[in-house]
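Heads up: the structure comes next, in structure tokens.
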Amino acid sequence: MTDPIVSVRKLVKRYASGFEALKGVDLDIAEGEILALLGPNGAGKTTLISAICGITTPTEGTITAGGHDTVRDFRAARALIGLVPQEINLEPFEPVASTVAFSRGLFGKPRDPKLIARILDSLSLGDKATARVRELSGGMKRRVLIAKALSHEPRVLFLDEPTAGVDVELRRGMWEIVADLKRQGVTIILTTHYIEEAEAIADRIAVIDGGRILLVEDKAALMARMGQKVLHVALTSRLETVPEMLSAYDLSLSEDGYSLIYTYDTRATRTGVVRLLAAIDAAGLQVADVTTRESSLEEIFVGLTRHEPEGDVA
């Protein structure tokens, strides 16, 4: 990786109660990439974003954005960052263009109606420039939030659960917007509960749980490294149990009894599939069909974050 545009080192966020929301987080974000930050509720996703954006002050550790320390050189660092929060909190009676222009002014940027118009057009809001915010649909209001975050021309854009509560069609429209922003050179960090969102648009996946980063890896490499394939062998007749002579293959039986299910590692030199099919034939079972399915990112994610509870979490 070239010099990261955002660098987090040994970041700790500890509250007065003693609860640590972040426990020594290290994270580098490359310029121009889409990084999906995944984690269950309470994992520390929003706390991490808030710390990088200067909304909350770290207890320990350092954060730099574009080489600027977010504490010592807050204004320069924050000027590089745009944030789209989870909550839709907009002035309902203000026109869309004015709302976006106001956000630009907060960063001390000069008026630039042409830039605001281009941003609105890029988000399919050009025809809503003079409409009042309260007249917009929920999906359009989320686009206004993105326009506000882009108004001061940041190099890094944080999207905190941008499609929460949005229907599937609007969600896919949001993915297209994110992909277009990447083409424009914007670095995007996306937190999401929708695993398919990360699978569809992210370049890299970071998994956080319990205030710690469990891994950061290229999406395709992660799925290749940790993914497994499941072989479904459909039979012509129903079984009550897996035959004893097939016990060495760690098979399971489908609920209807018509399929044998075999999970194997895609990285293994020998998967055992050929031997298994030969053993099924030797057992006198007639095969109707054979299909395979690869592990999804969701299954990998659940495996990574599955742990025993450690007690109450603040």
Exercise. Could you please rank LYS109, LYS148, LYS114, placing first whichever residue has the fewest other Cβ atoms within 10 Å of its Cβ?
Key: LYS114, LYS109, LYS148
Quiz item: Of LYS23/LYS45; LYS114/LYS148; LYS10/LYS45; LYS10/LYS219; LYS13/LYS45, which sit over 22 Å apart, Cα to Cα?
Solution: LYS10/LYS219
Self-check item: Orientation-averaged projected area, Cα convex hull of the stretch 228-294 (nm²)
Solution: 4.2 nm²
Quiz prompt | Between the stretch 92-113 and the stretch 270-289, the alpha-carbon center distance in angstrom | solution = 67 Å
Quiz item: Measuring from a point 7 Å past the Cα of THR130 along Cα-to-C-beta, which residues in the stretch 88-102 have an amide N at less than 20 Å?
Solution: 92-102
Exercise. Counting other beta carbons within 10 Å of each Cβ, put GLU169, GLU94, GLU197 in order, fewest first.
Key: GLU169, GLU94, GLU197
Exercise. Arrange the following residues from fewest to most other Cβ atoms within 10 Å of their Cβ: PHE158, PHE19, PHE301, PHE107.
Key: PHE19, PHE107, PHE301, PHE158
Quiz item: With Rg and the Kirkwood Rh both taken from Cα atoms, where does Rg over Rh land for the chain?
Solution: 1.10
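Taken together, the values in this text are just the output of simple stated rules run on the coordinates, not laboratory data. None of these values were measured; they are calculated from a predicted model. Cβ sites come from the backbone with ideal geometry, for glycine too, and all protein chains shown count toward neighbours.
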